[in-house]
Amino acid sequence: MRISSSQYFTMNVETMSNQQASLANMYAQISSGKALQTAADNPLGAAQAVALTAQASNLAQYTTNQSSALTSLQQEDATLTSVTTVMQSIQSLVVNAGNGTLNDTDRTSLATQLQGYRSTLMTLANTTDSNGNYIFAGFQGGSQPFVDNASGVGATYAGGPGQRQVQISDTRTINVADPGSAIFQSVSSNESTPVSAGSAANTGSGTIGPVSVTDSSDPANSSTYAITFGTTTTGTPPTTVSSYSVTAQDPATGITTTVTPPTPYTAGDNITLGSQTVAISGTPASGDTFTVAPANTGNISDTDIFTTLDSLVNALKQPADTAAGQATLQNALTTAGSKISNTYNNVLTTQTAVGGREQEVSATQLSTQTTSTQTASNLSDLVSVNLVSAISQYELTQNSLQAAQQAFAQIQKMSLFNYLSS
């Protein structure tokens, strides 16, 4: 095959132009450190690089979210630890208040101390984070969650009902704050006990003890029981004795039925209420009433720790220099003790859940860090230049171009006219 001079020049110029273009591309890669200058360099690699870059961006945001979530959970955990410490002090005070050797002045002093604990608890319930948001305000982080009632008894929750959430991975969104109403105005369904109480209108010296539960699954335990004292006539010759009757109010229908007809009363004997028992001691007067109710009756005042403490403060300030006064105080202490214990258990349950979420976020952080490292490595393999290899290739291509240029310069002199003229 014969190659004309025109074809020869064209092919050599094209070859050298391609080599110069390759050198320019290599130089751009070496100077920028990027192997992919345009999508045309490697269409498949460019598409993969875009996907990996998006993934890296998402992982970076998840890392930020995880740090924020962990900080919020750690602050809530620390605050709940302080709450449990205050609650333990309150429980000790309640036990101390039941000491029969105390006089009215001593109990007034305890009431003042209890008011201090109550104020501390209110401050903790209104804790803010570093951004000034209330951690127990639910969705309304900018609003103070708890405000004292104008009546001087209890507090109103002004925060939101929901839990603030943060997405920490593609498939997981985690709660980072619990609403204060679920902590300070609620009780744990599994860790609470029924509450016994004596009516403030009682005139006798009867006192009711805490409730014992033999079967927590018995539906009858959900009823509110009223134990009412009176008198009944028994025996021959007829004798009038103190007696009690028991009624139960169904929580679903509100219907009240008699479950125990008038029964002679013996101080200290257990009274059966469904799968629960409670003992009443002392000498109740005719017409005196005692109640046993589930820990959560649906009435916030029954589960609001601030209402409980305010009621106990008032009870401690009342004179207790008579048998009836002593009984009223003892019944108030028993009721408050059960409610405080239920709230304390609820706080512990919440704190356990918060600790579990902290562990989950920490584990997700480790997983995200591993994935981020692998993603960065894969992206680097796609777009980064191996400088040693690239420089070597650049030198080789440059030498090839120089050799081609020199050869072309020599070969283009090999013309028939040059030989004829000589």
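Things worth noting here:
- The amide H of GLN140, built 1.01 Å from its N in the peptide plane, has GLY160 as neighbours under 5 Å, considering only residues 5 or more places off or on other chains.
- Ranking of ILE255, ILE305, ILE90 by neighbouring Cβ atoms within 10 Å, starting from the fewest: ILE255, ILE90, ILE305.
- For the pair GLN88 and SER222, label points projected 7 Å from Cα toward Cβ lie 3.6 nm apart.
- Distance between the C-alpha centres of the stretch 326-375 and the stretch 101-154: 19 Å, rounded to the whole angstrom.
- Placing a label point 7 Å from the Cα of THR120 along the Cα-to-Cβ line, the residues of the stretch 343-365 whose backbone N sits under 20 Å from it are 343-349, 351.
- For the stretch 305-310, backbone phi angles converted through the Karplus equation (6.51, -1.76, 1.60; θ = phi - 60°) give residue-by-residue couplings of 4, 5, 5, 4, 5, 5 Hz, Gly and Pro being listed as x.
- Residue by residue, the stretch 277-287 carries 3J(HN,Hα) couplings of 9, 8, 10, 10, 10, x, 10, x, 8, 4, x Hz when phi is fed to the Karplus relation 6.51 cos²θ - 1.76 cosθ + 1.60 (θ = phi - 60°); x denotes Gly or Pro.
- Spin-label zone in the stretch 159-176 - amide nitrogen under 18 Å from a point set 7 Å from the Cα of SER67 along the C-beta vector: 166-169
- Placing a label point 7 Å from the Cα of ASP269 along the Cα-to-Cβ direction, the residues of the stretch 227-248 whose backbone N falls under 12 Å of that point are 242-245.
- Loop sites in the stretch 104-193: trypsin sites (Lys or Arg not before Pro), DSSP, at most 16 other Cβ within 10 Å: ARG172
- Using the Cβ-Cβ distance between THR101 and THR234 with R0 set to 51 Å, the FRET efficiency works out to roughly 0.85.
- Exposure proxy shown here: for THR231, THR105, the number of other Cβ atoms within 10 Å sets the order, fewest to most, as THR105, THR231.
- For the pair ALA353 and LYS317 in one chain, pulling the backbone fully straight at 0.36 nm per residue adds 9.2 nm over the alpha carbon distance.
- Fewest-first sequence of ASP178, ASP104 by Cβ atoms within 10 Å of each Cβ: ASP104, ASP178
- Projected label points at ALA78 and ALA201, each 7 Å from Cα along the beta carbon direction, are separated by 5.1 nanometres.
- Whole-Å semi-axes of the stretch 196-294's equivalent ellipsoid (Cα gyration tensor): 23, 15, 13
Each value in this text was obtained by applying a stated rule to the coordinates, not by laboratory testing. These numbers come from a predicted model, not from an experiment. Quick reminder, even Gly has a Cβ in these numbers, built from the backbone with ideal geometry, and neighbours come from all protein chains shown.
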